[in-house]
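The values are calculated or read from the model by the stated rules, or taken from the named source; none is laboratory data. Note that the structure is a prediction, hence the values are computed from the model and not measured. Here the Cβ is made from the backbone with ideal geometry for all residues, glycine too, and neighbour counts use every protein chain on show. For accessibility, only protein heavy atoms count, side chains too; no ligands or nucleic acids. Shrake-Rupley method; radii C 1.70, N 1.55, O 1.52, S 1.80 Å.
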Amino acid sequence: MASTTPLHQLHDAGVAVWLDDLSRRRTRSGDLAALVERGVVGVTTNPTIFAGALAHGEAYDEQLRALAAAGTDVEDAVLAITTDDVREACDVLRPVHERSGGVDGRVSIEVDPRLARDTDATSTMAQRLWSVVDRPNLLVKIPATVEGLPAITAALAQGISVNVTLIFSLQRYAAVLDAFLEGLEQAQAAGRDLAPIASVASFFVSRVDAAVDARLDALGTPEAAELRGRAAIANARLAYGLYQEVLRSPRWQALEAAGARPQRPLWASTGVKDPAYPDTRYVDELVVAGTVNTMPEKTLEAVEDHGTVHDTVSGRQDEAARTLDRVEAAGISVDEITTALEEDGLRKFEASWDELLTSVRAGLQRNGGTPA
């Protein structure tokens, strides 16, 4: 891939550029294929994205009419609509998947967020999504709740590729890495080929700054002002340090020798929420080989236009630790903030899921269905 734009330069630097958006319009208009030509090599989705897609345009009307005519209930209709979208995106990205040897060309679909505190239900839903979409380049998204961790292990053990989502804290990320290793070990013990099993760990970035900055602003000191916008990047750089430690561990090296691929860190929530910050901040400051950055289209276009690409993570773990130490010394508990962000993230996804159900229910009723 020629280094003609910052997106291509990110590829050359070892950063996979994924789009944090999906709709039927994108897959059927050629828009997604055009983005792939520009350097996008993967897609992430979530309940908010699906709810937004259903709310705009007429791309889903034909399927809603067919589902209504068949008497499909709203839960099954949501499953049909979302898995069809993801399957189509998987097909668009299949050449990337094959060209990259199965590393990229991945498309994510999330388990019903209402199941995030139920290990068994999450495991069952992950199996169902994997079976229904039936594409080798799928990733099933499982939230990194305490209850989600064993479901992550179970899915990987069954050969299901997983995108672990809603990771905010270093402690939870360490547990995710352990769940990943355990899942691969169980898969190996069951005689599975480890090479096709993929995983990424979605570590959320900008939401951390939004929460920490609000507390820094409340302090109103020069020291607090100097720390604005630094906590999230420091947190992510320390996460990359944990990832590097795992890659050096005998436990991982044994799995790698058996054909396993690493669970790449994926920088999520990379759209800038504070207009005072550069719009490419959470891409430019997290460039390092072996990672993924999933971007909303607005951020992707900004990066393509004026992003800067050079390694901004390697060798900066000590500096990052000092930054978080200063935040803690100011009386701000990063642990409290990341715990609250996980709860808030789950609430938002549940609200979006409810919005999605409402939109689909209305569409079915509009087309003569009588869903529950």
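Quick notes on this structure:
- Inclusion of PHE203 among residues that are outside any helix (DSSP H, G or I), open to solvent by less than 30 Å² (accessible area, probe 1.4 Å) and not small (Gly, Ala, Ser) is warranted.
- Only one of the numbered conditions (1) free of Cβ contacts under 8 Å to residues at least 60 places away in the same chain; (2) more than 25 Å from LEU286 (Cβ to Cβ) is not met by LEU184, and that is (1).
Okay, residues lined up against (1) among the β-branched types (Val, Ile, Thr); (2) in a helix (DSSP H, G or I); (3) open to solvent by 40 Å² or more (accessible area, probe 1.4 Å):
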{"position": "LEU7", "(1), (2), (3)": "no, yes, no"}
{"position": "VAL17", "(1), (2), (3)": "yes, no, no"}
{"position": "ARG28", "(1), (2), (3)": "no, yes, yes"}
{"position": "PHE50", "(1), (2), (3)": "no, yes, no"}
{"position": "ALA53", "(1), (2), (3)": "no, yes, no"}
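- Pairs, first acidic (Asp, Glu) in segment 300-316, second in a loop (DSSP other than H, G, I, E, B), C-beta under 6 Å, six or more apart: GLU304/THR5; ASP311/VAL287; ASP311/VAL288
- For the criterion of being in contact with a Gly (Cβ under 6 Å, 6 or more places away or on another chain), outside any helix (DSSP H, G or I) and surrounded by 23 or more Cβ atoms within 10 Å (Cβ to Cβ), ILE160 fails.
- Residue in segment 106-114 that is over 17 Å from the mean Cα position of the chain (by Cα) and in contact (Cβ under 8 Å) with a residue 40 or more places away in the chain present: yes
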